[in-house]
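Trainee: Before anything else, here's the structure in question.
No value in this document is a laboratory result; all are computed from the given coordinates. Owing to the predicted nature of the structure, the values given are computational and were not obtained by experimental measurement. Neighbour counts are summed over all protein chains in view; Cβ atoms, including those assigned to glycine, are modelled from backbone coordinates with ideal geometry.
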């Protein structure tokens, strides 16, 4: 499990960096979230 | 039991990744000049501040969305708009659902403090949001809404509180 936790921690850091600095990733995240939110609100 | 516990931990950890992505994107947008898609943006800073006579708002009927910022809190969002009898209207749907009420905070905030800044085509307009819940003009406004958007907004939905409708009046 320890390796799994380390892997998750690395994935979280990479996710944050990608959303902050990779062009288009924040848009993709937001659009995907909007799709699910709209569906849930109906 | 141990397998069950580990499975739950793995699922929760994997769920953390999309939750982190969404939270990061939301926080990032708060520092931007204006909104993007669904997350609130920061204050509308760029663009000339309109001064002069009340504009002919009919041009907004050719614009799919506008950016709107409240003064308190100073956050902005993308919003649908419509013109009717040269008055500008904005609204929020889903207000009758629990998810909608959690998602849409701005109508509640606008009811408390209606001062708003609207940016259209790079020009910022100072407005005052006034909620409309009933009245003879409702039919015409909702007709304008459904003619412009794939929306099922009706006068009854506005009167029942499922849709919160605001007129964006000139600010005194």
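Trainee: What order do you get for B:17, B:3, B:66 when you list them from fewest to most C-beta neighbours inside 10 Å?
Mentor: Placing the least packed residue first, the sequence is B:3, B:17, B:66.
Trainee: Just want the ordering: B:91, B:80, from fewest to most Cβ atoms lying within 10 Å of their own Cβ.
Mentor: Starting with the residue having the fewest Cβ neighbours, the order is B:80, B:91.
Trainee: Suppose R0 equals 45 Å; then what is the FRET efficiency for residue B:123 and residue B:98 from their Cβ-Cβ distance, rounded to the nearest 0.05?
Mentor: It comes out at approximately 0.75.
Trainee: I would also like to ask the following. As a test of the formula, what do you get for chain A when each DSSP H run with n ≥ 4 contributes -39,500 (n - 2.57) and the sum is divided by the residue count, at 222 nm and rounded to the nearest 500 deg cm²/dmol?
Mentor: Using -39500 (n - 2.57) per qualifying helix, the result is -30000 deg cm²/dmol.
Trainee: Looking at chain B as a GNM with Cα springs under 10 Å, which of B:75, B:20, B:154 has the largest mean-square fluctuation?
Mentor: B:20
Trainee: What's the percent breakdown of Cα-Cα distances in the protein assembly as shown across 5 Å bins, shortest bin first?
Mentor: Bin by bin from 0 Å, the calculated values are 1, 7, 13, 16, 17, 14, 10, 7, 5, 4, 3, 2, 1, 0, 0.
Trainee: Here is a further query. Between B:132, B:123, B:141, find the one with the highest GNM mean-square fluctuation for chain B; connect C-alpha pairs within less than 10 Å.
Mentor: Result for chain B, Cα springs under 10 Å: B:123 fluctuates most.
Trainee: Which residue, B:82, B:60, B:99, tops the fluctuation ranking in a GNM of chain B built on C-alpha contacts under 10 Å?
Mentor: B:99
Trainee: Separate question: Once fully extended, how much extra length lies between residue B:33 and residue B:61, figured as 0.36 nm per residue of separation less the alpha-carbon to alpha-carbon distance?
Mentor: Length gained between residue B:33 and residue B:61: 7.7 nm.
Trainee: In peptide A:18-25, what is the residue-averaged number of other protein chain Cβ atoms found within 10 Å of each Cβ?
Mentor: Mean partner shielding for this stretch: 2.
Trainee: Round to the nearest 10 and give me the degree value, 0 to 90, for the angle of helix A:2-21's Cα axis relative to the longest principal axis of chain A.
Mentor: The two axes meet at around 50 degrees.
Trainee: Would you mind giving the average projected area, over all directions, of the Cα convex hull of chain B in nm² with one decimal?
Mentor: Mean projected area of the Cα convex hull: 12.4 nm².
Trainee: On to the next question. Mind checking the angle between helix B:2-30 and chain B's longest principal axis? C-alpha axes, 0 to 90 degrees, to the nearest 10.
Mentor: 30 degrees
Trainee: Right, another one. Give the Debye-formula value of log10 I(q)/I(0) at each listed q (0.20 Å⁻¹), with one equal scatterer per alpha carbon of the stretch B:103-172, two decimals each.
Mentor: -0.96
Trainee: Which order, highest average first, do B:107-114, B:4-11, B:133-140 follow once you tally other Cβ atoms within 10 Å for each residue and take the mean per peptide?
Mentor: B:107-114, B:133-140, B:4-11
Trainee: Report, in degrees rounded to the nearest 10, the 0 to 90 angle that the Cα long axis of helix B:138-148 makes with the longest principal axis of chain B.
Mentor: Tilt relative to chain B: about 60 degrees.
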